[in-house]
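All of the numbers you see were taken from the coordinates with simple rules; none came from a lab. Note that this is a predicted model, so its numbers are computed, not measured. When we count neighbours, we look across all protein chains shown, and the Cβ atoms used for this are built from the backbone with ideal geometry, even at glycine.
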Amino acid sequence: MDFGLVSLPVLALTALFGYAVFFDTSAVVFQDIDVPPSVQQLGYSPKVMSSRLANEVRMIDQKARTVKDIRDFALPGDESAVNALGDYFKFGEPIKATQQLLGLVHYNFTGDVVKQGDDLKLSIRGSAHDRDQPFNTAAIGKDPEKLVHEAALDIVRFIDPYIVASYAYEAARDGDKNYTTALREVRYCLVNMPKKELHWAYNLHGLILVQQGKLDDAMERYNAALALKPDFVLTVYNVGNLMLEKKQYDQAIAKYKETLKVDVKLVRTPQAYTQWGVALTRQGQTDAAIPLFEKAIALNPQYADAYYRLGMAYKEKGKIKDAQEMIQRAVDRAPDRKDYAADLAPQLTN
């Protein structure tokens, strides 16, 4: 098969990220993981182990649900045409070298699996282009998937410890409400993150304290975040929610209005309109709240809570059919929210 002299450089450039995960604006490249034959018999070839590790890193980032910078991920399949061509033309290693030379790889990881008695030991080694200290971690156990998860957490913590803290927070909020791990990860962030990013950690610490019912302590953490970055959208918005929780509705509304002013990327604008509407409904101003819920929906048609709040406002106004429609839309967009579904059923009988 003749690709022509011009085509080969194009194919090479296309293959530059054949093993890459894009994390934030930085490429995270996973080389093949050496695996003994006994483990390969279980289905974990060097390429599969590398792919599983990359996918686990991506999963942790996605489940962290954080807007801390915009991240994009791309992980082609192990048998993609690009990788196959790279193997065929033997330019895999030059491509990886080119990645490093062009500064396209910010993080590079490799490793191996060895047998230790009845256990397996997964060792991962890595480096960052802007750090002198290399990365090393190891996990020991019988289940390869658990070893991959442990190693992936350590990798993400090396890249950005805040992502792991946010992941632990979301896991606790969705699960058993035990925030011990999240608090430990936040404390790690406060020690290891650059000062210019510490407002993220203070803000997350405040969120955890709110979940624990420690509102005054949470406000102290929010103030620490705002002292570092007064226009930090997430914290301005979260202070509004804290005021709402304390039934200080006018102060809450003021913070939601401030959120709208500083939120140039619309990170929390739909939420701010929605929560502003909630504050009004709790003051008996449902008519004034309805247009705010509608603005939130117009800005983000997938934002389930705006539909739910609009539905509950319609219910209060006696518009049962409209309420049912809006709450159903909320359920459709957030099927895991049991409170939405619980409020939908009564609408059918009213």
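Structure summary
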| quantity | calculated |
| --- | --- |
| Least to most buried among Met312, Met59, Met193 (fewest other Cβ within 10 Å first) | Met59, Met193, Met312 |
| Inter-site label distance for Gln116 and Leu42 at 7 Å from Cα along Cβ, in nm | 1.4 |
| Which listed pairs, of Lys63/Lys146; Lys68/Lys247; Lys68/Lys142; Lys68/Lys177; Lys68/Lys295, have C-alpha distances above 27 Å, in listed order | Lys68/Lys247; Lys68/Lys142 |
| Phi-based couplings in Hz for region 225-234 (Karplus 6.51, -1.76, 1.60; Gly and Pro marked x) | 5, 6, 5, 7, 8, x, 9, 5, 4, 4 |
| Simple label model, 7 Å out from Cα along Cβ direction - Glu145 to Met59, nm | 0.7 |
